[in-house]
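> My structure is below; once you've seen it, I'll send some questions.
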Amino acid sequence: DAGVIQSPRHEVTEMGQEVTLRCKPISGHDYLFWYRQTMMRGLELLIYFNNNVPIDDSGMPEDRFSAKMPNASFSTLKIQPSEPRDSAVYFCASSPTGGTEAFFGQGTRLTVV
Amino acid sequence: AQSVTQPDIHITVSEGASLELRCNYSYGATPYLFWYVQSPGQGLQLLLKYFSGDTLVQGIKGFEAEFKRSQSSFNLRKPSVHWSDAAEYFCAVAPYTGNQFYFGTGTSLTVIP
């Protein structure tokens with residue numbers, strides 16, 4: 001398996017634009033997590049899914065953020081409209097069962113100017 | 001509430017010296033425990049994990065960690081550090097029956113010749 005695949009690796013966008021980050025989890029994994037990493041706040045869990053269903057989105061910072069998982073092999077994190085303070089590295093991770101090892105993608109570095 | 005504390009923000013060691021990175025957690029029961037490593041521009045890679053049983057666990061790249069229930073600690077150790085070990089190290093916990101991973105703020109390791 002190629003591991004968790006995220007795209008794009010880097011994204012630079014202007015404030016106010018819509019940004020969509022994509023994630024393909026490892027096949028057969030039931031859980032998918034979206035994390036945001038910044039210098040100030042470290043790794044923050046934004047939302048996680050179990051069997052494509054959002055379970056806990058309490059970490060999503062604002063209504064500007066939304067996440068979907070239309071099927072077991074694809075998830076998106078959307079920011080609309082984007083703001084400079086959204087600049088961070090966004091990681092997607094998947095896990096075969098909750099609480100056991102999480103496998104991380106290489107992240108998407110988002111810069112909002 | 002669950003929390004993970006890594007008291008050392010940054011550590012510098014000489015190549016060949018021993019290393020210990022500290023991790024303390026706060027949780028009502030024994031959670032699953034993990035150490036991850038992040039190289040610059042990369043995602044997080046699992047070094048080792050503890051679920052139950054022997055409190056000394058071996059991981060990849062010569063790392064080991066010891067779970068001490070009485071101290072709520074899960075410290076990472078390596079007897080002889082290599083220059084390639086320079087990276088960011090994250091301790092994480094997952095509740096025994098939960099589906100989320102809580103990360104510490106990380107310890108940045110610098111290795112000097």
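Only the coordinates and a few stated rules stand behind these numbers; no lab work does. For clarity, every value in this text was computed on a predicted model and none was experimentally measured.
> Reachable lysines from residue B:61, Cα under 20 Å, same-chain residues fewer than 8 places away excluded?
Here the lysines satisfying the reach criterion relative to residue B:61 are B:49, B:78.
> What number, in percent, do you get for the relative contact order of chain A if the mean sequence gap of Cα pairs under 8 Å and at least 6 apart is divided by its residue count?
This gives 37 percent for chain A.
> Measure out, as a whole number of angstrom, how far apart the alpha-carbon centroids of region A:14-40 and region B:69-113 sit.
Using only Cα atoms, the two centres lie 23 Å from each other.
> Distances over 21 Å make up what percent of all Cα-Cα pairs in chain A?
Considering chain A, 29 percent of its Cα-Cα pairs are separated by more than 21 Å.
> Looking at chain B, what % of its DSSP beta bridges pair antiparallel, to the nearest 5?
In chain B, approximately 85 percent of DSSP beta bridges are antiparallel ones.
> Could you give the Stokes-Einstein D for the protein assembly as shown in µm² per second, using the C-alpha Kirkwood radius, 20 °C, 1.002 mPa s?
It comes out at roughly 119 µm²/s.
> Dividing the alpha-carbon radius of gyration of region B:32-90 by 2.2 N^0.38 Å (N being the number of residues), what value is obtained?
That ratio works out to 1.14.
> Checking the cross-link filter: which lysines have an alpha carbon closer than 18 Å to that of residue A:68, excluding same-chain neighbours under 8 positions apart?
Reachable lysines: A:24, A:78.
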